[in-house]
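Below: one structure, written as structure tokens.
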Amino acid sequence: QVRLVESGGGLVQAGGSLRLSCATSGLTFSTKIMGWFRQAPGKEREFVAGISVSATSYADSVKGRFTISRDNAKNTVYLQMNSLKPEDTAVYYCAAGRPPIRTVQYAYDYWGQGTQVTVSS
């Protein structure tokens, strides 16, 4: 059974940092594209960042502030979020898919339940 479990969300002031983690099980992690998406209230879910074996991709809105990384030995993907803004407030989801890195939801086969990130002004 495939499981993706996000953690690390919370409440932070604007300008602060958070590190999200997504622990996975039941899949061949090292071969998967891992992605982070987010969904703010009243908005569609959107791509944040993705990582393959050797490449990363970011939404323009987070470039230079967020960093995605992975630890294949721990089957875990991370999202380091710095210089957070109130508009980063959303539920953040991790997802697993097949190469190449894509920004659309249908490219990802497995999803976590999400973790809430709230950035206060």
Practice item. Evaluate the following for residue 120: is it modelled with pLDDT under 95 and among the small types (Gly, Ala, Ser)? Key: no
Point to revise | Residues (in a loop (DSSP other than H, G, I, E, B), in contact (Cβ under 8 Å) with a residue 12 or more places away in the chain and open to solvent by 40 Å² or more (accessible area, probe 1.4 Å)) located in segment 46-60 | key: 53, 55
Review point. Considering only segment 11-45, how many residues are out of contact with any Phe, Trp or Tyr (no Cβ under 7 Å at 6 or more places or on another chain), of a type outside the set (Gly, Ala, Ser), open to solvent by 50 Å² or more (accessible area, probe 1.4 Å) and in a loop (DSSP other than H, G, I, E, B)?
Key: 4
Point to revise | Residue count, segment 62-114 (criterion: among the basic types (Lys, Arg) and either free of Cβ contacts under 8 Å to residues at least 60 places away in the same chain or part of a helix (DSSP H, G or I) (or both)) | key: 4
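The values are calculated or read from the model by the stated rules, or taken from the named source; none is laboratory data. In this text, all values refer to a predicted model and were calculated from it rather than measured experimentally. Counting neighbours? That spans all protein chains shown, and the Cβs are built from the backbone with ideal geometry, glycine included. Ligands, DNA and RNA are excluded from the accessible area calculation, which covers all protein heavy atoms including side chains. Shrake-Rupley method; radii C 1.70, N 1.55, O 1.52, S 1.80 Å.
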